[in-house]
Amino acid sequence: SHPERVKTQFESGLYERTLRSAASARPDFYIAIGDDFSVDTLKVVNRQTVEAGYIAQRRWFPLVGAPVFLVNGNHEQASLANIDGTPDNVAVWAQTARNRWYPQPGPDAFYGGNPEALPHIGLLRNYFSFEWGDALFVVIDPYWHSTQTVDNAFGATRDQKKGRDLWNVTLGETQYRWFEQTLARSTATHRFVFTHHVLGTGRG
């Protein structure tokens, strides 16, 4: 939804119409595909300003009238490449705000998912799966599992982005094996996989 791009890509009335249109279908749940809590354009970046973006979406998501599942986007900056070992960095602020205001599934008897806990965050809850009716739904996330910056590095310019070695972008071994096993074990008729960009970077 990119709500931070008010003058270029976001119009609140149209966003409200979109969510109300989704609600009219009476969905069992709603999957937001990422870049709903972007922090890239914040003039001041700290725990409070990052969290404010997550709180702001609480004006919108309830309009759907159904549980909301989240896909991590590149502009959220919740990524391993931003971690510096302290509690005071954009990745920790973004993920803790997400976990606080939009708790996502952790692995249990119903949901599959990421069992990993990180210092200063706890369970990431960033990739998960569940079966509903005759369908398997899987959310994957490259941002928290690639030491290489996947797409846009926090604070970097477009020119600095060009120096990345894209062969180092990865889902990480643990997530990849989990993904493989989740697909292999499912007997669901339909299988839906949600991610932000293609392996977090590029389109197509």
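The values are calculated or read from the model by the stated rules, or taken from the named source; none is laboratory data. Note that this is a predicted model, so its numbers are computed, not measured. Heads up, the Cβs are rebuilt from the backbone with ideal geometry, glycines too, and the neighbour counts pull from every protein chain shown. The protein model used for the area step is the full one, side chains on, heavy atoms only, and it has no ligands, DNA or RNA in it. Shrake-Rupley method; radii C 1.70, N 1.55, O 1.52, S 1.80 Å.
Could you grab the pairs with beta carbons closer than 7 Å, sequence gap of 6+ or different chains, first residue in the stretch 115-135 and under 18 Å from Phe194 (Cβ atoms), second one assigned to a strand (DSSP E or B) and of a type in the set (Val, Ile, Thr)?
Partner pairs satisfying both residue conditions: Tyr127/Val139; Phe128/Val139; Ser129/Val138.
Please verify whether the stretch 158-181 includes one or more residues that are in contact with a Lys or Arg (Cβ under 7 Å, 6 or more places away or on another chain), open to solvent by less than 70 Å² (accessible area, probe 1.4 Å), among the aliphatic types (A, V, I, L, M) and touching a residue at least 12 places away in the same chain (Cβ under 8 Å).
no
Among the numbered criteria (1) charged (D, E, K, R); (2) within 26 Å of Arg59 (Cα to Cα); (3) without any contact (Cβ under 8 Å) to a residue 40 or more places away in the chain, which single criterion is violated by Asp141?
Evaluating Asp141 over (1) charged (D, E, K, R); (2) within 26 Å of Arg59 (Cα to Cα); (3) without any contact (Cβ under 8 Å) to a residue 40 or more places away in the chain leaves (3) as the failure.
Taking only pairs six or more apart or across chains, which ones have beta-carbon atoms under 9 Å, a first residue in the stretch 1-21 that is open to solvent by 70 Å² or more (accessible area, probe 1.4 Å), and a second residue that is of a type in the set (S, T, N, Q) and part of a loop (DSSP other than H, G, I, E, B)?
Within 9 Å, the pairs are Gln9/Ser1; Thr18/Ser1.
Taking the residues in the stretch 32-45 that are open to solvent by less than 40 Å² (accessible area, probe 1.4 Å) and aliphatic (A, V, I, L, M) as candidates, determine which candidate is nearest to Leu136 (Cα to Cα).
Looking at residues that are open to solvent by less than 40 Å² (accessible area, probe 1.4 Å) and aliphatic (A, V, I, L, M), I get Ala32.
Looking at this structure, is Thr189 in contact (Cβ under 8 Å) with a residue 24 or more places away in the chain, more than 19 Å from His75 (Cβ to Cβ) and in contact with an Asp or Glu (Cβ under 6 Å, 6 or more places away or on another chain)?
Judged against the criteria, Thr189 is a match.
Is it the case that the stretch 31-45 has a residue that's modelled with pLDDT of 95 or more and farther than 29 Å from Val92 by Cα?
Within the stretch 31-45, none of the residues are modelled with pLDDT of 95 or more and farther than 29 Å from Val92 by Cα.
Would you check if Gly65 is at positive phi and touching a residue at least 60 places away in the same chain (Cβ under 8 Å)?
In short, no.
Somewhere in the stretch 81-98, is a residue crowded, with 18+ Cβ neighbours inside 10 Å, within 15 Å of Ile140 (Cβ to Cβ), among the polar types (S, T, N, Q) and within 13 Å of the chain's Cα centre (by Cα)?
No.
Which of the residues belonging to the stretch 102-142 are touching a Gly at 6+ places or on another chain (Cβ under 7 Å), open to solvent by less than 30 Å² (accessible area, probe 1.4 Å), closer than 19 Å to Asp36 by Cα and modelled with pLDDT of 95 or more?
Listed by number, the residues that qualify are Pro105, Tyr127, Phe128.
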